[in-house]
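Notes to accompany the following structure.
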Amino acid sequence: MGDRYDRLGWTNRTFDALNAGFLILLMLTMIIPFLNVLALAFSSGIASMQPDIVLIPKDFSTEGFVTVWSSLDLWRPLLNSTIVTLSGTALHVLLSSLAGYVFIHPHLPGRKLMISFILLTMMVPQEAVMIPLYVVNKDLHLINTLSVLVLSGLVSGFSILLMRNFFSAIPYEMAESAKIDGAGELRVFFTMYMRLAAAGLATVTLYEFVGRWNMLTPAVMYITDMAKITLQVALKSMIVDSAATSSSYLITTNVRMAGIVISVLPLIAVYPFVQRHFMKGILAGANKE
């Protein structure tokens, strides 16, 4: 019996060691490229042009950040992305939450049919509706406006169903009791459900914030005015097609990497504030029907 427990203990320790080693390797594949970006961003222009993978800045300098901010006017795309991301995320969370709240009412006519239709929309590939969406936005005179980026993906079936799952975990009797006491639907929604579903709100907010901040396809498809391009389009022009940014200015590697660091900073700044609720939301959402 003792030999059996010894073998099981050795097997568990071996598995834990292999699992830890695999996770460490996986972590390094994500950390090393980011450290390389940071090192190049804080290196001088000449040092950053060397074809090496560096983890420590060579000839420490902040000229890349100064250049990308002033000479390349990165502040304007950054401002556009901030406006689109904040307004679009707020509207997306609000509308998805309202729709999710509607679907928890047990006596809603055609509830199952509407939920099935929402699931159907999630199966349609984005490429299949790109041209119809462009025609609609053109007819509405939204091309070359930030409004078209805010309205793009304003609601999604994933967010609606996720918020419905979180709201379903709240006893419906609480809402009925509040209504008996004179509370209206909007008061019940904002003061009760929105507060009790903080984990779901954090999950949807983080997903939408990251998605809108990294939005590229709609920005390329709808925006041609350089004064209204977003940060990701500006980075694409700067990194992939340097000639599109300037025909007479050499964009060094440290300038490009500085732009990437600036674009990542807001995501890093937001995540710690929603991380606790986000982890709870992922686990809770995975366990609900």
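The values are calculated or read from the model by the stated rules, or taken from the named source; none is laboratory data. The structure displayed is predicted, hence computed values, not measured ones. Reconstructed Cβ throughout: ideal geometry from the backbone, glycine too, with neighbour counts over all protein chains shown. For accessibility, only protein heavy atoms count, side chains too; no ligands or nucleic acids. Shrake-Rupley method; radii C 1.70, N 1.55, O 1.52, S 1.80 Å.
A compact table of results
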| quantity | calculated |
| --- | --- |
| FRET efficiency, residue 123 to residue 98 (Cβ-Cβ, R0 25 Å, nearest 0.05) | 0.60 |
| Alpha-carbon spread of segment 1-160, three principal axes, descending order, Å | 69, 62, 27 |
| Choice from 150, 255, 102 showing the highest fluctuation, given a GNM over the chain with Cα pairs closer than 10 Å | 102 |
| Residue 35-residue 145 FRET efficiency (beta carbon distance; Förster radius 41 Å; 0.05 resolution) | 0.60 |
| Calculated Cα Rg over 2.2 N^0.38 Å (choose from (1) 1.29; (2) 1.38; (3) 0.98), label | (1) |
| Label-point separation in nm, residue 105 to residue 134, each point 7 Å along Cα→Cβ | 4.0 |
| Sparse-neighbour loop sites [chymotrypsin sites (Phe, Trp or Tyr not before Pro); segment 87-161; at most 15 other C-beta within 10 Å; DSSP] | none |
| Value of relative contact order over the chain, rounded to a whole percent, pairs C-alpha under 8 Å and six or more apart | 29 |
| Of all accessible heavy-atom area on segment 64-121, the percent that carbon and sulfur account for (1.4 Å) | 76 |
| Sites residue 15 and residue 112 - FRET efficiency at Förster radius 41 Å, r taken between beta-carbons, to 0.05 | 0.40 |
| Heavy-atom accessible area per residue - the chain, 1.4 Å, Å² | 60 |
| Segment residue 186-residue 250, extension gain: residue separation times 0.36 nm, minus the distance between their alpha carbons | 17.4 nm |
| Peptides ranked, highest mean first, by Cβ atoms within 10 Å: ranges 201-210, 182-191, 85-94 | 201-210, 85-94, 182-191 |
